[in-house]
Amino acid sequence: MRNVTVKSSVPFTTAQKKRLEEGLRPRYGEDADFFYTVDDKVFGVIVEDGETVVEYDVVSLIKAFRKQSESLVDERFAAAGELPSMWTKELVDALRPTPTTVQCGRVIAGADGILTVVGLPDCRYYELLEVGRGRYAIAMNLLTDCVKAMLITGKDGVEYGALVKGTGKIVEVPVGKGLLGRVVNPLGKPIDGDEGLFFDKVRPIESPAPKIIDREKVSRPLMTGILAIDSMVPIGKGQRELIIGDRQTGKTSIAVDAIINQRDKDVVCIYVAIGQRAGSVTKLISKLKSSDAMKNTVLVVSTADDNAALQYIAPYTGCAMAEEFMEQGKDVLIVYDDLTKHANAYRTISLLLKRPSGREAYPGDVFYIHSRLLERSAQLSAKKGGGSITALPIIETQAGDISQYIPTNVISITDGQIYLESELFHSGVRPAVNVGLSVSRVGGSAQYPAIRKLSSKLRLDLAHFRELALFTQFGSEVDDDTKRILEQGEKVTTILTQKEGEPFGVDKEAIYLYMIGGKLSDVDKSEVKKYIEGFYSYFCSIDYASIRELKKTGVMTDEIRSALDDAARDYATAYAKKK
């Protein structure tokens, strides 16, 4: 004997029940028992027998009727030169909507957002499953006798025996320009309190990385507006540059400043918050709005209050949104803040799924989850539209140890790293970039010519200065040459110290680097910041044409160099008279 449940939006009459049962008994047997329920969430009729779900959906009915009606109009009435009314007997008799049959399973256990489901033999890995009505899960473990799935919506209220249907697809999120200026959760739903999203396309959160043949060399600069980074650790469009350091060393500040610097450029920015405190995200949104950088930015937010499943899919959601813009030929900057919390969320899920754990209790495929994410960042070829995704993943270290499992994994995936040092940060150097451990594997090929030429020796000189400064802490006597190197290094460090939310343009960076290269020897280190800022304002006032040319091309021509030399002499003379 089989129990068959019939759900409908309105109650069946006795005659309707009799007619329905006569039609279904050949399928379920003469001894089947039918139970009728009314559910206002049902649009049509749903028949469940514990193993399959048969849906007579009203939406499908209307589509089938429309298709059939158009066909009949073409075939029967076009030749006669007349059109029938919509509800002629011929149209109604010809309509034969077919029900949709879906294989389903049942929940037999559930705890901590992990469901055990039986009865889905055709389920695929990472498939989106519908649990009951309106709740969804992702299939994570495909075992011989059951499926283990993690809930991404509606953790509360899942009952034992609830029906689980496979959707045949993975999680999809809205994409497109309608997302610009919005704050959404990892499922693409707005959480900023504004009206609903306007979009005409959805995209799966997982997709293969661009093929090598579809990529081009990273050669176009992506300016962060931070002098220390653009001069010594340049970032190119299509690059993956890791920002790594201990807690509270300014990692997020660098990423946010890079976003702010794109506000007047044709670059779409996506910031993915993974496991962040809600208060920190609110402050970040306020900062972007006050800097007028929200108009071309999308925020994908998964706070610390969200379950591990939402924190896990958040970066893939942001990457799917970025890929849509990249395929349209646009340049995209995406920030993953941070992948340490993402790895922790995946570790939590894996332990709940009873997967074998390895080093530091992480599962064996923790490297793969980050590599398949970051490999989707690329500079596409001209044949593919020429778009790009530049990724700035963030990793948090403990006590400056970059040899930990997750940091070493991500370092091996990315094209370089910006290492922020706690000691520098607490001594007032902002950004606290350790030039010895920071590197960009793209290098000068992703710099403006003026920046590349003027900063060619800066990195080595600054590294030499910090090495000597560490040595002289022991009180050793130093010669005049060493004193000169130390004094110049202190001046450079002061100039490279930059306030948050005030990114530099390429013209300002070029002029600052020009002054660093030998124009500050007679300036006291306590006044060097004021001096160089004054010179920049002075040069803008007397030769705006050169400033405009630097902004446009990023090239330090001989004419601009000669103009800078004359202006530097005049400004130094005037400055000396004021003293």
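General remarks:
- Fully extending the segment from Gln398 to Lys383 would add 1.0 nm, taking 0.36 nm per residue of separation and subtracting the current Cα-Cα distance.
- Folded to 0 to 90 degrees: helix 251-260 orientation relative to the chain principal axis, Cα: 90
- Fewest-first sequence of Phe471, Phe34, Phe539 by Cβ atoms within 10 Å of each Cβ: Phe471, Phe34, Phe539
- Sorted largest first, the principal axis extents computed over the alpha-carbon atoms of the chain equal 106, 65, 42 Å.
- Straight-line cross-link reach from Lys287 at under 17 Å between alpha-carbon atoms covers these aspartates and glutamates, not counting any fewer than eight positions away in the same chain: Asp192, Asp257, Asp264, Asp337, Glu500, Glu502.
- Neighbour counts of C-beta atoms inside 10 Å place Val528, Val442 in the sequence Val528, Val442, starting with the fewest.
- For Ile274, net neighbour charge (Lys/Arg +1, Asp/Glu -1) across residues whose Cβ lies under 10 Å away: -2
- Sequence-distant aspartates and glutamates (8 or more away, or on other chains) whose Cα lies within less than 14 Å of Lys17: Asp33
- Fully extending the segment from Ser9 to Ala32 would add 6.0 nm, taking 0.36 nm per residue of separation and subtracting the current Cα-Cα distance.
- Whichever aspartates and glutamates have a C-alpha closer than 16 Å to that of Lys165, once near sequence neighbours (fewer than 8 apart) are set aside: Glu48, Asp49, Glu51, Glu55, Asp57, Asp122, Glu127, Glu130
- Mean separation of Cα contacts under 8 Å, 6 or more apart, over the residue count of the chain: relative contact order %: 12
- Global geometry of segment 312-400, whether rounded, prolate or oblate, following the gyration tensor of its Cα atoms and the 1.5 cut on a/c: prolate
- Of the GluC sites (Glu not before Pro) found in segment 398-494, those in coil by DSSP whose Cβ has at most 10 other Cβ atoms within 10 Å are Glu477.
- Over 18 Å between alpha carbons, listed pairs Lys508/Lys552; Lys177/Lys551; Lys330/Lys551; Lys177/Lys201; Lys491/Lys578: Lys177/Lys551; Lys330/Lys551; Lys491/Lys578
- The angle between the Cα long axis of helix 528-542 and the longest principal axis of the Cα atoms of the chain comes to about 80 degrees, rounded to the nearest 10.
- Beyond 23 Å in Cα-Cα separation lie the following of the pairs Lys217/Lys383; Lys295/Lys383; Lys169/Lys295; Lys211/Lys265; Lys251/Lys525: Lys295/Lys383; Lys169/Lys295; Lys211/Lys265; Lys251/Lys525.
- When shorter helices are ignored and each DSSP H run of at least 4 residues is given -39500 (n - 2.57), the per-residue value for the chain at 222 nm works out to -11500 deg cm²/dmol.
- Degrees, to the nearest 10: 480-496 long Cα axis against longest axis of the chain: 40
- Dipole magnitude (debye, nearest 20) for the chain, charges at Cβ of Lys, Arg, Asp, Glu: 400
- Within segment 219-253, backbone nitrogen closer than 11 Å to the virtual label 7 Å beyond the Cα of Arg441 toward Cβ: 240-242
Taken together, the values in this text are just the output of simple stated rules run on the coordinates, not laboratory data. Nothing here was measured: the structure is a model prediction, and the numbers come from that model. Cβ coordinates were reconstructed from backbone atoms using ideal geometry, including for glycine residues, and neighbour counts include every protein chain displayed.
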